[in-house]
Amino acid sequence: MAAPHTPVAGATTLSLDDLDTLKSNLRGSLLTPGSPDYDGARTIWNAMIDRRPAAIARCADADDVASAVRYAAERRQLLAIRGGGHNIAGNAVCDGGLMIDLSRMNTVSVNPQDRTARVGGGATLADVDRETQKFGLVTPLGINSTTGVAGLTLGGGFGWLSRSLGLTIDSLQAAAIVTADGRRVRASATENDDLFWAIRGGGGNFGMVTSFEFRLHEIVPQVLAGLVVHPLDAAPDVLGFYREFIETTPENFVCWFVMRKAPPLPAIPAEYHGKEILALAMCYAGPIAEGERVAKPLRSYGRPVADMVGPVPFATWQTALDPLLVPGMRNYWKSNEFMTLTDGLIDAMVSHARQLPDPQTEIAFAQLGGAVSRVPADATAYGHRNARFVINVHGRWADQANDDECIGWARSLFQATTPFATGDVYVNFLTADEQDRVRAAYGDNYDRLAGIKTKYDPTNLFRMNQNIKPAA
């Protein structure tokens, strides 16, 4: 899986003199294979990725980033960019080239009067939630607090609040970017607007974002959120009800679901630990009493074995799934998007959930629609706004010996769900072997993106990503 990435033809080889030149231009630090922190810096969330950069520039600020980008461009070096290090394809780290690490650029500055936040390119969701919710404010992000804001945003970004507030990019107002020639520019609706359009869903193809400016929204002190757990045998019936139920719910209510083996949570009866389950993960961002009324039919349907739904601060709910998504595991994903939850799709998921190859493997099914779908498809690079559901076939395991079985299971479920899918795909869920699906991630927007890529990165310096090649 973790195939090596080598510099392009004609690239120079990094020498000690070269590295001394780069190091002298950095306020941050420069790590090489002999540095004490090198292995920790090159280790990312997906343990299947084991690559060794020639050097790692731990940047302190945007000037450091510009210096490192110019250095790589002048020497035609392979360049990788690490924000949170969560990307499933492992694009945050390369073999033999230069890795730019933004993890120290994680400052979040909130202006409660203007309801805006300036977020460093190395910040995580936890960094943002911690600062914004001090003021009762939020911007729509993902569902795992250790995820990097940069990668999430550049791919589009969706989570618990997307049905009411839209994608993460729909609250993005501006970004500070270092382009392939080392220039520092600002992108917004009035400055470099073509670049601003492209980074809202086009990934890291066009430059390095050193900071984001987000619009913030009010959120209630506590949301009604949690899990309702059923035995897997009940899934076809429960999901049949779920399918009808969500047609009438308000946009500030969302319910995703997961099929997996039950973790040993105290709220789940011991006899179900390690058994296949269906877990409904719901969140209502509004008055608790109203949320109780909205969620009651779904919570009371059938014979759930556990109900863990209750009032909780939103920042706490954002960390609820963290224990199931810790770093250091091997991960292989496949994803599809859907307009409807058909009986055939339910059957495909349930049959594969009966054959889970590892206790950490799961099938995650997200609900979209609402505010996401009200934005025109050509308004941002993220164009598949009409999808109502997204599946993440989440192969996850510890032992390398199980690679073939776990990857084979994920691919089998992907194939079984494809007949029901739209053909689109969320770019942040693409694995390293799916470059052939990049065009599907952008659809009718792809050619425009290729033109913008040609303008801002004609040599494809930023190619460690789900790559959009320059049009020329």
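None of A57, A92 is modelled with pLDDT of 95 or more and outside any loop (DSSP other than H, G, I, E, B) except A57.
For the stretch 129-153, taking the residues that are of a type in the set (V, I, T) and in a loop (DSSP other than H, G, I, E, B), the one that is farthest from S164 (Cα to Cα) is identified as T146. Just one of the listed residues (L224, L195) is in a helix (DSSP H, G or I) and either among the aliphatic types (A, V, I, L, M) or under 30 Å from H273 (Cβ atoms) (or both), namely L195. When A440 is tested against (1) in contact (Cβ under 8 Å) with a residue 40 or more places away in the chain; (2) out of contact with any Pro (no Cβ under 7 Å at 6 or more places or on another chain), just one condition goes unmet, and that condition is (1).
From the list A80, A126, A73, A117, the lone residue that is touching a Cys at 6+ places or on another chain (Cβ under 6 Å), small (G, A, S) and outside any loop (DSSP other than H, G, I, E, B) is A80.
Given the condition closer than 30 Å to N91 by Cβ and crowded, with 23+ Cβ neighbours inside 10 Å, answer yes or no: does some residue in the stretch 245-254 qualify? Yes, some residue in the stretch 245-254 is closer than 30 Å to N91 by Cβ and crowded, with 23+ Cβ neighbours inside 10 Å. For A401, state whether it is surrounded by fewer than 23 Cβ atoms within 10 Å (Cβ to Cβ), touching a residue at least 24 places away in the same chain (Cβ under 8 Å), assigned to a helix (DSSP H, G or I) and in the same structural domain as I346 (by TED's automatic domain parsing). Here the answer is no, as A401 does not meet what is asked.
The values are calculated or read from the model by the stated rules, or taken from the named source; none is laboratory data. All figures in this text were calculated on a predicted structure; none of them were measured in a lab. Cβ: placed from backbone, ideal geometry, glycine included. Neighbour counts: every protein chain shown.
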